[in-house]
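Peer 1: Dropping a structure here in structure tokens format, bear with me for questions.
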Amino acid sequence: MFEIKFYIILFITSVCTLSCEEETVEVSLEYERLIHYDGVNVSAPQIPQGLHESSIRFERRDLLNYQGRTLESVQFYISYVPNDLTLRIYKNERANNEPQSLLYEAEIIGSLASSWNTYNLTEKLIIDDSELWISLRYSLQETQRVIGCDAGPAFVNGDWEYSGMEDNWSNFRARTNNQISINWNIRGVLAAL
């Protein structure tokens with residue numbers, strides 16, 4: 001019975017919100033507008049104090065079907081809102097395990113804790129044949145759960161993280177000795193065709 005009602009709701013509206021016992025799940029019919037690796041938010045890993053960036057990386061081959069499209073906003077799940085939160089979007093001309101050219105940077109103000117948030121870019125970015133990194137940068141005074149994640153397992157480029165303490169980029173699996181395998185709840189939203 002639930003499945004029949006669910007499909008009727010999806011048929012009537014392009015976006016619906018389903019309420020579960022503990023969380024709200026947004027379902028979008030416009031999958032061709034989202035570029036992401038994550039699934040439904042389940043938690044957020046504990047991140048130690050210091051400077052960090054949680055990032056998703058799209059290699060050239062991942063973006064072939066999206067070349068010429070415009071990135072217009074970024075959706076992200078925040079568990080705990082840090083004092084400073086910055087959206088950074090990078091471009092790489094060649095494959096490299098760390099971002100190279102900063103394309104866009106903006107301080108994010110007014111994010112809601114334990115919630116999906118959307119930041120609309122003030123200038124649209126065209127997807128080309130370069131790698132694309134979408135990143136959230138923040139500093140912590142103590143260990144916190146900041147950027148949301150799914151239950152995993154991690155996709156190759158769904159869990160990149162910069163650690164200021166180690167001054168390097170790594171996937172979160174490697175940083176946790178393969179103990180935590182997740183994908184960040186960070187999504188690029190493309191302009192409609």
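The values are calculated or read from the model by the stated rules, or taken from the named source; none is laboratory data. Remember, predicted model here, so these are calculated numbers, not experimental data. Because the Cβ atoms are built from the backbone with ideal geometry, glycine has one as well, and the counts that use them run over all protein chains shown.
Peer 1: If we scan the stretch 129-149, do we find a residue that is in a loop (DSSP other than H, G, I, E, B), surrounded by 14 or more Cβ atoms within 10 Å (Cβ to Cβ) and either acidic (Asp, Glu) or without any contact (Cβ under 8 Å) to a residue 40 or more places away in the chain (or both)? Spell out the reasoning first.
Peer 2: Kept after step one, since they are in a loop (DSSP other than H, G, I, E, B), are these residues of the stretch 129-149: 129-130, 141-143, 146, 148.
Remaining after also requiring surrounded by 14 or more Cβ atoms within 10 Å (Cβ to Cβ): 130, 146, 148.
Narrowing further to those that are either acidic (Asp, Glu) or without any contact (Cβ under 8 Å) to a residue 40 or more places away in the chain (or both): none.
Looking for residues that are in a loop (DSSP other than H, G, I, E, B), surrounded by 14 or more Cβ atoms within 10 Å (Cβ to Cβ) and either acidic (Asp, Glu) or without any contact (Cβ under 8 Å) to a residue 40 or more places away in the chain (or both), one finds none in the stretch 129-149, hence no.
Peer 1: Can you work out which of the residues in the stretch 157-193 that are polar (S, T, N, Q) and closer than 20 Å to Trp116 by Cα is surrounded by the fewest Cβ atoms within 10 Å (Cβ to Cβ)?
Peer 2: Step by step, filter the stretch 157-193, then rank; the result is Asn183.
Peer 1: If you take the residues of the stretch 27-62 that are at pLDDT below 95 and within 20 Å of Ala191 (Cβ to Cβ), which of them is surrounded by the fewest Cβ atoms within 10 Å (Cβ to Cβ)?
Peer 2: Going through the qualifying residues, I end up with Tyr31.
Peer 1: Suppose we filter Arg57, Arg61 for residues that are part of a strand (DSSP E or B) and of a type in the set (Lys, Arg); which single one remains?
Peer 2: From the options Arg57, Arg61, the qualifying one is Arg57.
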